[in-house]
1. Give me the percent relative contact order of the chain, please, defined on Cα pairs under 8 angstrom at least 6 residues apart.
2. Using the basic label-point model (7 angstrom from Cα toward the beta carbon), what is the residue 148 to residue 112 distance in nanometres?
3. For region 39-55, what does the Karplus curve 6.51 cos²θ - 1.76 cosθ + 1.60, with θ = phi - 60°, yield as ³J(HN,Hα) per residue in whole Hz, taken in order and with x for Gly and Pro?
4. Once phi is turned into θ = phi - 60°, what whole-Hz ³J(HN,Hα) does the Karplus curve with 6.51, -1.76 and 1.60 give for every residue of region 114-131, x standing for Gly and Pro?
5. Explain nothing, just the number: dipole magnitude of region 104-169 about its Cα centre with +1 on each Lys and Arg Cβ and -1 on each Asp and Glu Cβ, in debye rounded to the nearest 20.
6. Rounded to the nearest 500 deg cm²/dmol, what is the calculated helix-only ellipticity per residue at 222 nm for the chain, with -39500 (n - 2.57) per DSSP H run of length n ≥ 4?
7. Among 135, 61, 97, which residue has its Cα positioned farthest towards the positive end of the charge dipole of the chain, with +1 placed on the Cβ of Lys and Arg, -1 on the Cβ of Asp and Glu, and the dipole taken about the Cα centre?
8. Evaluate the charge dipole of the chain about its Cα centre and quote only its size in Debye, nearest 20, assuming +1 on the Cβ of each Lys and Arg and -1 on the Cβ of each Asp and Glu.
Amino acid sequence: MFDNVRSLWSFALELYDADGVQEACLALQDEYGANVNLLLFGAWMAVTRGVAFTGDDAQSAQALVRDWDQEIVRPLRAVRRKLKTGPAPAPPPATETLRNAIKDAELSSERISLAVLEAHAVAWPAPARAAPNALETNLQRVLELTASPDGVRQAAPLLAAIAGAIARH
């Protein structure tokens with residue numbers, strides 16, 4: 001599945017579409033505050049480059065997209081979600097066109113975030129060999145940015161769902 005994937009965007013789309021990944025990512029986002037784009041970036045770095053993050057690596061990646069995420073991506077997501085239930089005249093059908101336009105804008109904003117992260121990876125030194133457990137390490141390091149140690153332990157099955165989708169392909 002991911003053998004011919006070169007760009008982070010392509011990888012993110014394929015992974016997010018794999019069985020159970022969307023649900024796991026959304027649960028990690030909603031329950032633990034995880035940045036899904038950072039999770040996808042961490043997975044991509046592990047799968048395509050064999051890179052295992054340190055805590056500093058995860059923090060530097062987060063710093064690159066923090067303001068964009070907080071000021072653009074999250075507000076778009078909040079408006080899109082709000083339009084599912086209200087305020088009047090929402091929910092659909094009257095506001096469905098607007099909701100879809102916001103959904104498209106949210107997706108575009110996430111693509112920009114992934115492009116920033118991918119550009120950051122260009123200067124990343126390639127390891128001499130793939131790090132063992134790089135995928136699990138990167139997913140955990142990203143989650144540690146927003147979740148408590150107990151939260152990271154509780155979220156282990158969600159991280160495993162992402163890693164498992166990659167392993168199946």
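Each value in this text was obtained by applying a stated rule to the coordinates, not by laboratory testing. Source: prediction; values computed, not measured. Note that we place each Cβ from the backbone using ideal geometry, even for glycine, and neighbour counts take in every protein chain shown.
1. Numbers: 172 pairs, mean separation 69.3, N = 169.
It rounds to 41 percent for the chain.
2. About 3.5 nm, to one decimal.
3. Here the 3J(HN,Hα) series is 4, 5, 5, x, 5, 4, 4, 6, 6, 8, 10, x, 8, 9, 6, 8, x Hz.
4. For region 114-131, the Karplus curve yields 5, 5, 4, 5, 5, 4, 4, 5, 4, 8, 6, x, 6, x, 4, 8, 4, 6 Hz.
5. Values: 5 positive and 7 negative charges, 67 e Å.
It works out to roughly 320 debye.
6. Working: 9 runs with 116 residues, N = 169.
Dividing the helical sum by the residues of the chain leaves -21500 deg cm²/dmol.
7. Most positive-ward Cα: 97.
8. Working: 16 positive and 20 negative charges, 41 e Å.
The calculation lands at about 200 debye.
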